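Presented below is the structure to which this report refers.
The values are calculated or read from the model by the stated rules, or taken from the named source; none is laboratory data. A quick note: this is a predicted structure, and the numbers were derived from the prediction, not measured. Here the Cβ positions follow ideal geometry from the backbone for every residue, glycine too, while neighbour counts run over all protein chains shown. The protein model used for the area step is the full one, side chains on, heavy atoms only, and it has no ligands, DNA or RNA in it. Shrake-Rupley method; radii C 1.70, N 1.55, O 1.52, S 1.80 Å.
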Amino acid sequence: MDLHELALRQVLTSYWLSQMVYVAAKLGIADLLAQGPKTAAELATATGSHAQSLYRVLRALAGFEIFAEDELGQFVLTPMAEPLRTDYPHSARGAAMMVGEEHFRAWGELLYSVQTGGCAFEHVYGKNLFEYLAEHPEKGKIFDAAMTGVHGLESAAMCDAYDFSAFNHVIDVGGGNGSTLATILQRHPRLHGTLFDLPAVVERAKPRFHQAGLADRVTLLGGSFFESVPSGADAYVLRHIIHDWDDQRSKRILDACRAAIPQQGRLLVVESVIARGNEPSFGKLLDVNMLVVPGGMERTEEEYRDLFTLSGFELSRIVPTTEEVAVIEGLPR
């Protein structure tokens, strides 16, 4: 077997590995092993699992340095497994559970999306992702945890790359669990912020600001960014919002922002920007995930420029960060 064939076979079976990681995350194996080494039988008892089957999964994961089996037949944490702990900074446990459940089923219908242009998630579940999360609060909590873990490093990188000190009031449009706004406010003590999202989502974010000591500097507002966006700020941040939607619905969101933003304000869209060429990038993979799950897309610089123009903004600059995302700055025209 030549190297190319071997590499292709590894790609074909890669979902085997991701599903095993999902099972370990769902069962909380890393949290249990944080207390010390344990046998598969002990882990099975703690998680209500079949001991031999759990052992086989953990043995396979150990071959990828995700957990390890010691000479006593006990499993231990490894650096690759540590991020699956619930209390790990930027924990990957929520993302592993999210990707392994609804996303996994939706990706099974990728062919549907490719042949029809439709959203596979809606095809499978009969509703869009955000309607589904609103109807299943326990899934909403997992989604929030996943977003915190996946995007946690992005917040710091965004604040390192883009200077928010010139602003007085920042509105985080579709701000979800509040992690982005909390990071901005912690970096800039004189800033005030507004978290704007669906009422149920905003309610879930309240504890974050109280725990961070930011409650007196934050206003929480519920509503739909398809209808209107609060006025009164000089910076409007939309991180991983526009990529969730097609051009028509993205324009509705940006139109609402344009109606609210003052002439000297700034629109700050934080997303991956797809470059030309054949170089691999996570953004290109994320683009297909946007097709499958929420029905949106990642965009090139030209596509963002056109979208901004249609909504009354001028794309003034793109500020790269050390993470996958960039800050795409728009000026009202």
Criterion first (out of contact with any strand residue (DSSP E or B) (no Cβ under 8 Å at 6 or more places or on another chain) and farther than 20 Å from ALA96 by Cβ) does LEU54 satisfy it?
no
If you take the residues of region 109-130 that are assigned to a loop (DSSP other than H, G, I, E, B) and either under 20 Å from the mean Cα position of the chain (by Cα) or aliphatic (A, V, I, L, M) (or both), which of them is farthest from ILE242 (Cα to Cα)?
LYS127
Has region 96-116 got at least one residue that is in contact (Cβ under 8 Å) with a residue 12 or more places away in the chain, surrounded by 14 or more Cβ atoms within 10 Å (Cβ to Cβ) and closer than 15 Å to ASP31 by Cα?
yes
So which of SER91, SER49, SER14, SER53 ends up being open to solvent by less than 30 Å² (accessible area, probe 1.4 Å), among the polar types (S, T, N, Q) and either without any contact (Cβ under 8 Å) to a residue 24 or more places away in the chain or in contact with a helix residue (DSSP H, G or I) (Cβ under 8 Å, 6 or more places away or on another chain) (or both)?
SER91
From GLU298, GLU329, which residue is touching a strand residue (DSSP E or B) at 6+ places or on another chain (Cβ under 6 Å), open to solvent by less than 80 Å² (accessible area, probe 1.4 Å) and more than 23 Å from VAL170 (Cα to Cα)?
GLU298
Listing of helices (runs of 4 or more DSSP H) fully contained in region 242-333 that carry 2 or more residues being without any contact (Cβ under 8 Å) to a residue 12 or more places away in the chain:
301-310
Condition first: closer than 15 Å to SER18 by Cα and either part of a helix (DSSP H, G or I) or not aliphatic (A, V, I, L, M) (or both). Can you find one or more residues in region 68-77 that meet it?
no
Quick check on region 44-58: of everything there that is in a helix (DSSP H, G or I) and among the polar types (S, T, N, Q), which residue is nearest to ASP31 (Cα to Cα)?
THR47
Of all residues in region 198-226, which are of a type in the set (D, E, K, R) and more than 20 Å from CYS159 (Cβ to Cβ)?
GLU203, ARG204, LYS206, ASP216
Looking only at region 282-290, decide whether some residue is open to solvent by 20 Å² or more (accessible area, probe 1.4 Å), farther than 27 Å from PRO332 by Cα and of a type in the set (Val, Ile, Thr).
yes
Among the numbered criteria (1) within 18 Å of the chain's Cα centre (by Cα); (2) modelled with pLDDT of 95 or more; (3) open to solvent by 50 Å² or more (accessible area, probe 1.4 Å), which one does GLY174 miss?
(3)
I want to confirm something. Restricting to region 259-280 and keeping residues that are surrounded by 21 or more Cβ atoms within 10 Å (Cβ to Cβ) and over 19 Å from the mean Cα position of the chain (by Cα), which single residue is farthest from VAL325 (Cα to Cα)?
ILE261
Go through (1) open to solvent by 20 Å² or more (accessible area, probe 1.4 Å); (2) modelled with pLDDT of 95 or more; (3) within 22 Å of the chain's Cα centre (by Cα); (4) over 30 Å from ARG105 (Cα atoms) one by one and return the number of the condition LYS251 breaks.
(4)
Could you check LYS139 against (1) buried (at least 21 other Cβ atoms within 10 Å of the Cβ); (2) touching a Phe, Trp or Tyr at 6+ places or on another chain (Cβ under 8 Å); (3) within 22 Å of ARG93 (Cα to Cα) and say which number it fails?
(1)
Find all pairs meeting these conditions: Cβ atoms under 6 angstrom apart; at least six residues apart or on different chains; first residue within region 172-200 and more than 14 Å from LEU221 (Cβ to Cβ) and of a type in the set (S, T, N, Q); second residue open to solvent by 10 Å² or more (accessible area, probe 1.4 Å) and not in a helix (DSSP H, G or I).
THR180/ARG239
